[in-house]
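Structure first, then comments.
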Amino acid sequence: MRFSLILPIFSIILSLLAFSSSPLMAEEPAKPATEAVERQNPPESESPESKEQNASGDSVIDLLIKGGYTMIGLLLISTIIAAFALERYFFFRRNKLSTKGYYERIQGALQSGGLSGLEKEISGDELFLSRILRDGLKRKDHGRREVEKAIEMSATVETGKLERGLNLLSNLGNLAPLLGFFGTVVGMRASFLQFVEKAAPTARDLAVGVEEALITTATGLFIAMPTYLIYNLFIYNIDSVTIELERCAAAVLNAVEDEIG
């Protein structure tokens with residue numbers, strides 16, 4: 001039996017056991033009249049507990065409101081990060097940064113047909129590495145040095161396009177927790193102001209500012225962690241492409257030197 005079927009059955013059994021052991025199913029002696037009166041008129045001390053239970057189920061909008069004005073900045077930063085990360089993701093996909101088996105493909109083309117075979121192999125290819133190698137092969141008649149310069153120049157331009165704006169993503173990821181800590185200071189200040197406004201503030205009076213401080217701190221860290229991960233994934237892809245490009249460029253330059261000199 002699948003786990004998805006076992007879990008509902010197990011929960012049904014537990015609910016039946018709980019229902020069978022509840023006071024409704026058991027025979028108990030009659031309660032005194034005083035207990036009935038207390039149930040109808042519960043003490044005032046229960047009202048704060050009920051309020052705390054209701055507060056524990058706050059929605060996202062409630063948390064944004066309780067976080068204060070600092071949450072506006074954090075919300076703006078998270079929106080920019082999400083939009084920019086999606087833009088970079090689709091840009092990387094359009095540039096086709098796939099490197100799996102590319103070096104072996106280049107080596108096979110060079111061994112079977114030399115530089116001419118390599119040009120035919122990558123002539124209609126829109127991969128990121130193929131575009132750079134094509135720029136280098138255009139200068140193959142001028143020797144190894146010219147081909148190397150063309151590859152380096154093309155690689156610098158294309159890699160710069162991939163790295164464009166990644167510093168902004170990193171800076172926003174670093175700014176988010178700092179802004180969250182700023183909200184912490186604002187919230188703690190609101191708590192300490194209660195001692196100025198009231199002679200003997202209660203714990204509930206102080207909890208408002210403390211809650212604001214905790215919400216902003218948690219939000220800043222929550223934004224920074226995935227941003228750090230996304231940024232490093234982009235850098236990892238760029239590094240992988242760069243390493244593969246160096247291998248392929250070395251193979252092409254050796255072939256140019258062997259054929260042309």
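Please treat every number below as a calculation from the coordinates, not as lab data. These figures come from a predicted structure and were not determined experimentally. Quick reminder, even Gly has a Cβ in these numbers, built from the backbone with ideal geometry, and neighbours come from all protein chains shown.
Observations on the model:
- If R0 equals 41 Å, the separation of the Cβ atoms of residue 59 and residue 240 corresponds to a calculated FRET efficiency of about 0.50.
- FRET efficiency, residue 198 to residue 76 (Cβ-Cβ, R0 41 Å, nearest 0.05): 0.75
- Phi-derived couplings, Karplus 6.51 cos²θ - 1.76 cosθ + 1.60 at θ = phi - 60°, listed residue by residue for region 141-156: 6, 9, x, 4, 5, 5, 5, 5, 5, 5, 5, 5, 5, 5, 5, 5 Hz, with x used for Gly and Pro.
- Whole-Hz ³J(HN,Hα) from phi, Karplus 6.51 cos²θ - 1.76 cosθ + 1.60, for region 210-217, glycine and proline x: 5, 5, 4, 5, 5, 5, 5, 5
- Taking 0.890 mPa s as the viscosity and 25 °C as the temperature, the Stokes-Einstein diffusion coefficient of region 63-259 based on its alpha-carbon Kirkwood radius rounds to 121 µm²/s.
- Region 63-259: Lys pairs at Cα distance under 28 angstrom, eight or more positions apart or on different chains: 20
- Hz values of 3J(HN,Hα) by residue in region 72-82 - Karplus curve (6.51, -1.76, 1.60), Gly and Pro given as x: 5, x, 5, 5, 5, 4, 5, 5, 5, 4, 5
- Positive minus negative residues near residue 165 (Lys, Arg vs Asp, Glu; Cβ under 11 Å): +1
- Gain in span if fully extended, residue 189 to residue 131, counting 0.36 nm per residue against the direct Cα distance: 15.1 nm
- FRET efficiency, residue 145 to residue 233 (Cβ-Cβ, R0 41 Å, nearest 0.05): 0.70
- Contact order relative to length of region 63-259, as percent, for alpha carbon pairs under 8 angstrom and 6 or more apart: 32 percent
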